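The values are calculated or read from the model by the stated rules, or taken from the named source; none is laboratory data. Being a predicted model, the structure only gives us computed values, none of them experimental. No Cβ is skipped: glycine too gets one built from the backbone with ideal geometry, and neighbour counts run over all protein chains shown.
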Ligand code: C5P
């Protein structure tokens, strides 16, 4: 299991300060909508300047018509990131088109599909998808697997079932991790590190418990020890 730290701070400088505090660790860094819209490709380069071994997950959750998603995926190829994601609810045709387009390249990044956002409660989720989270997450994971993606974003609670119905090697990345029982914030389906590990999760994403802590380096160290 690998640790991915979410860079969701209000300014580029605060993100860079955080990265500098944890630069000696073999971790992934997640650049999401807030940071990428504000700081763009330059920020990705700044990260690699601090430590070229950092792996970057570009969390833009693409959702559009198939051709537009494949075009966007091709642009992402040019950024040199190590992983990015799309929404599984964009459909199999869109996911397949993304993978076909990336197939033209030798070194493509890992591609994951978002199943159900971890901030959804059951009620909120069924209002949108008219199904339970676990059933729909399984279905989305099957779709992503059949479309040739490498894995999915899901909650730790869905990881086991998803691997059972797809493939053990099909990756799961789980946000909503509260490593040592910290405040859940807007997340609904939170789990701790031990649970994620027992569920066979490949990547845990941790944001607020690290960047809101007085000592982010210490929290990262403790999580890596548990992993
Ligand atoms: O601060 P916290 O640890 O809750 O951060 C979780 C991160 O994972 C956020 O950047 C959020 O956008 C992202 N994420 C999520 N649920 C998903 C996909 C991504 O919480 N399904």
Open item on the list: As an exercise: evaluate residue 119 against (1) at pLDDT below 95; (2) touching a helix residue (DSSP H, G or I) at 6+ places or on another chain (Cβ under 9 Å); (3) within 16 Å of the ligand (Cβ to nearest atom) and give the number of the one condition it does not meet.
Closed with: (2)
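Going by the structure shown, is residue 216 at pLDDT below 95 and within 15 Å of the ligand (Cβ to nearest atom)? Walk me through how you get there before you give the answer.
Details: at pLDDT below 95: no; within 15 Å of the ligand (Cβ to nearest atom): yes.
When the stated conditions are applied, residue 216 does not pass them.
Could you grab me the full set of residues in the stretch 32-43 that are within 16 Å of the ligand (Cβ to nearest atom) and in a helix (DSSP H, G or I)?
So the first thing to find is which residues in the stretch 32-43 are within 16 Å of the ligand (Cβ to nearest atom), and the list is 32-39, 43.
Within the stretch 32-43, 33, 34, 35, 36, 37, 38, 39, 43 meet the criteria.
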- [ ] Answer yes if at least one residue in the stretch 125-138 is out of contact with any strand residue (DSSP E or B) (no Cβ under 7 Å at 6 or more places or on another chain), more than 16 Å from residue 85 (Cβ to Cβ) and near the ligand (Cβ under 10 Å from one of its atoms), and no otherwise.
- [x] no
Task: Given (1) at pLDDT 95 or above; (2) away from the ligand (no atom under 15 Å from the Cβ); (3) over 15 Å from the mean Cα position of the chain (by Cα), number of the condition residue 209 does not satisfy - done: (2)
- [ ] Please determine, by comparing only the residues of the stretch 17-31 that are within 15 Å of the ligand (Cβ to nearest atom) and part of a loop (DSSP other than H, G, I, E, B), which one is farthest from residue 215 (Cα to Cα).
- [x] 27
